[in-house]
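Take a look at the structure below.
Every number in this text was worked out from the coordinates using simple rules, so none of it is lab data. Treat the numbers as computed from the prediction; the structure is a model and nothing was measured. Note that each Cβ is placed from the backbone with ideal geometry, even for glycine, and that neighbours are counted across all protein chains shown.
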Amino acid sequence: MTENDGALLEIRQLKKWFPIHKGFMRRVSGHVHAVDDVSLSLAKGETLGLVGESGCGKSTLGRCVVRLLAPTSGEIVFDGQSIGQLRSRALRPLRRQMQMIFQDPYASLNPRKRVGTIISDPMKIHGIGDRQERKKKVEELLETVGLSPEHYNRFPHEFSGGQRQRIGVARALALRPKLIVADEPVSALDVSIQAQVLNLLESLQTGFDLTYMFIAHDLAVVRHISDRIAVMYLGVIVEISPAEALYDNPLHPYTISLLSAVPIPDPDVEAKRETILLPGELPSPANPPAACRFHTRCPYVQPTRCTTEVPELRKLGDGHFVACHWAEKIKAGAIEPIESTPIEPERQDPVEAPSA
Amino acid sequence: MPEPLLEVKGLKVRFATEDGLVRAVDGVDFELERGKVLGIVGESGSGKSVTAMTLLGLTRDQNAAFEGEVVYKGQDVLTMPESRLRDIRGNEIAMIFQDPMTSLNPVYRVGQQIVEAIRAHESVSKRQARRRTIDLLKQVGIPSAEERVDAFPHELSGGMRQRAMIALALSCNPDIVIADEPTTALDVTIQAQILALLDKLRAEFDSAVILITHDLGVVASIAHDILVMYAGRVVEAGPKRELFYDPQMPYSWGLLGSIPRLDRPKQEKLHSITGSPPSLINVPRGCTFRPRCPYAFDRCTEEPELVNRVEVPDHLDRCWLSLDDKRRLRLETIAAEASIA
Ligand SMILES: Nc1ncnc2c1ncn2[C@@H]1O[C@H](COP(=O)(O)OP(=O)(O)O)[C@@H](O)[C@H]1O
Ligand SMILES: Nc1ncnc2c1ncn2[C@@H]1O[C@H](COP(=O)(O)OP(=O)(O)O)[C@@H](O)[C@H]1O
Ligand SMILES: [Mg+2]
Ligand SMILES: [Mg+2]
């Protein structure tokens, strides 16, 4: 993709493979191709949404970006500095600038620590301010995220799910980071609370000069918050586009089917909506289909190219890239979808994601 | 009107806990007919699961107290002997959970569990039961059913396990299927398949379905009637279209307004309901939504009954605002609805 002068983050050909160990000797018998050649960039102040079914590699990509994971290969350039291969000590100063917000507001806060300590610890670790200054800062942050300074001495269990997520946001903000990777930050919350947290994240963006990578599997939520959206399937990006264009004019057959499956809270709209049901199941990322990874489930699969040639991300519109050989023809209605019988992906030992 | 399959009247469930008395369910009424899908929506902790489990006697406990009636085939489930309940469970009323592993036993093969369920309720040979099992697995859309019948639950993906559990739930052609957040943990593509499946099976077996969810999108397609629960109570109930197009409770407006919608131009700011649901140990006096309601007034400290207040007789709600006020005020929350309708 094009070089972007205003880019805060550049990811080039990033791969993250996890070894699969088998048997008594824990011999490596294969690899989970969790992220498999991803390139993208984030402009300063932008929100990039990352969507795709569970297991497609969203969290792994997010964790590589903030360097909670070391990439297998490829490059990550953050604010002009190559960070993909840095070791932990060299990463230390960078940690201030990149923060992560997690899905589970219960698991990500230490239950034995008071809220004040949870939020001020990162500042202490990075030697910011003295005790008084940190306390004042935490109280300000609590107000910023819609809690109150009186919450300073409370424990996480005294808060509701939405409030805990606010604590997570305050902790992430404490070091004034440039980039926040939010991994399903509202997925565990009730809709009414979800809206509160989304509004909060949006309102903080300008004031704190934040760039967001927003990971979610809810396409309506992602569209609401994102400027651009990347759609992942089995470790690769199949489409990336300005948010509105992705919904108005989805080009990849996978994006089209994904969007068609989202239920709309309106009976009349629902009565007319046609879901494109994909045959079969997500193939195992340990043994992804050759060439186009989506070809085993694609309603538009063609006898040529799909099974022999890896589709590159091609530019088909303003900032709109799609990795499908036949996107234009499908769009023009020149290729009929097949009512296919499912092609069975090869059986694999299921690889469970670690809970996170 | 046809005889309802199940009738719930004034249901209350309370749990004695160390912290105090939890009013988990505090006034639930509904009727369920054959071939119909009843959607129950509400935030977490609003009493949806306790209501569902109580219909099967699964909340019975020395710390639990019940009030009201749950009439199934002329008998009250709340006072029924445990032996009769065991007959009903799985056989006449089946339950599907969010986590399939609550129903599937990890150490037995999937097929074997279904075979046993069939044979526990019917006298058929193992062979016949196995054939039925394979048919069921096919019906719920499990590919290569002949092979997967011998798989252990952990050998199946999340979506497949969910289907296997549905197959198990349907193995005895139940009158009622209670599905408690059956798709919450699944991706949208799989969710769409499971919902289509539930609806098809309902039509085929003429069962009734209770579909519990916190996602209004899920009930918009397949439900016929909807109950909105808040803090243990039904706060609004009625035919689906009424709930979506003429909602009466400010809480229902809040739910509808806080969902970003893919079929509409992007909103600047999402509507959100301030605050969070009350503790069920210390429920506010009067209307339980009052502390979060932007339109609360003096009268709201008095408890509103769940009664009909609009033109459509089976549309009920618990809100003191006048009909005119409701129809005007809700435009602030769900304005887009009005401009479209
Ligand atoms: N630490 C790990 N070890 C082995 N496999 C992993 C690990 N983390 C993730 N995976 C696998 O990588 C794939 C992508 O996972 P993940 O990034 O969590 O996907 P997503 O966030 O999109 O659901 C999955 O198949 C998952 O099982
Ligand atoms: N066995 C129990 N003892 C005490 N409280 C319970 C018990 N079961 C459920 N509750 C409480 O009842 C309330 C309603 O729970 P539930 O029906 O599970 O809500 P929902 O399914 O709507 O999320 C919650 O506050 C829950 O903590
Ligand atoms: Mg993830
Ligand atoms: Mg529940």
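For this structure, a couple of remarks:
- Residue order, fewest to most beta carbons within 10 Å, for A:157, B:154: A:157, B:154
- With contacts taken as Cα pairs under 8 Å and at least 6 residues apart, the stretch A:248-332 reaches a relative contact order of 27 percent.
- Near residue A:200, once Lys and Arg are set to +1 and Asp and Glu to -1 for all other residues with Cβ below 14 Å from its Cβ, the sum equals +2.
- Averaged over peptide B:269-281, the number of partner chain Cβ atoms lying within 10 Å of each residue's Cβ comes to 5.
- With Cα atoms, 0 to 90° folded angle of helix B:110-121 axis to chain B main axis: 90
- Based on DSSP H segments of at least four residues, each scored -39500 (n - 2.57), chain B has a per-residue ellipticity at 222 nm of -9500 deg cm²/dmol.
- Residue-count net charge about residue B:297 - beta-carbon cut-off 15 Å; Lys, Arg +1, Asp, Glu -1: +2
- Ordering B:51, A:275, A:211 by the number of other Cβ atoms within 10 Å of each residue's own Cβ, fewest first, gives A:275, A:211, B:51.
- Full-extension gain in nm, residue B:224 to residue B:279, via 0.36 nm per residue minus C-alpha separation: 16.7 nm
- Shown for chain A are no DSSP H helices, since none reaches 30 Å along its axis, judged by Cα atoms, with a mean Kyte-Doolittle hydropathy of at least 1.0.
- Using a cut-off of 22 Å between Cα atoms, the listed pairs A:58/A:124; B:9/B:73; A:113/A:137; B:48/B:200; B:126/B:200 include A:58/A:124; B:48/B:200; B:126/B:200 as exceeding that distance.
- Pairwise inverse Cα distances across the stretch A:1-109, averaged and inverted, put the Kirkwood hydrodynamic radius at 15.3 Å.
- Ranked packing of B:238-250, A:131-143, most packed first, by mean Cβ within 10 Å: B:238-250, A:131-143
- Separation in nanometres of the label points that stand 7 Å from Cα toward Cβ, at residue B:62 and residue A:143: 5.2
- Selection from B:167, B:142, B:120, by position along the positive dipole direction of the stretch B:100-173 (Cβ): B:120
- Neighbours of residue B:119, meaning other residues whose beta-carbon lies under 13 angstrom from its beta-carbon, give a summed charge of +3 when Lys and Arg score +1 and Asp and Glu score -1.
- Within 10 Å of each Cβ in A:209-219, the average number of Cβ atoms from other chains: 1
- Relative contact order (%) - criterion: Cα under 8 Å, at least six apart; region: chain B: 19
- For chain A, relative contact order (Cα pairs under 8 Å, six or more residues apart, normalised by length) works out to 18 percent.
- Helical contribution to [θ] at 222 nm, DSSP H n ≥ 4, -39,500 (n - 2.57), averaged over chain A, rounded to 500: -8500 deg cm²/dmol
- Cα centroid separation, the stretch A:255-281 to the stretch A:291-317 (Å): 22
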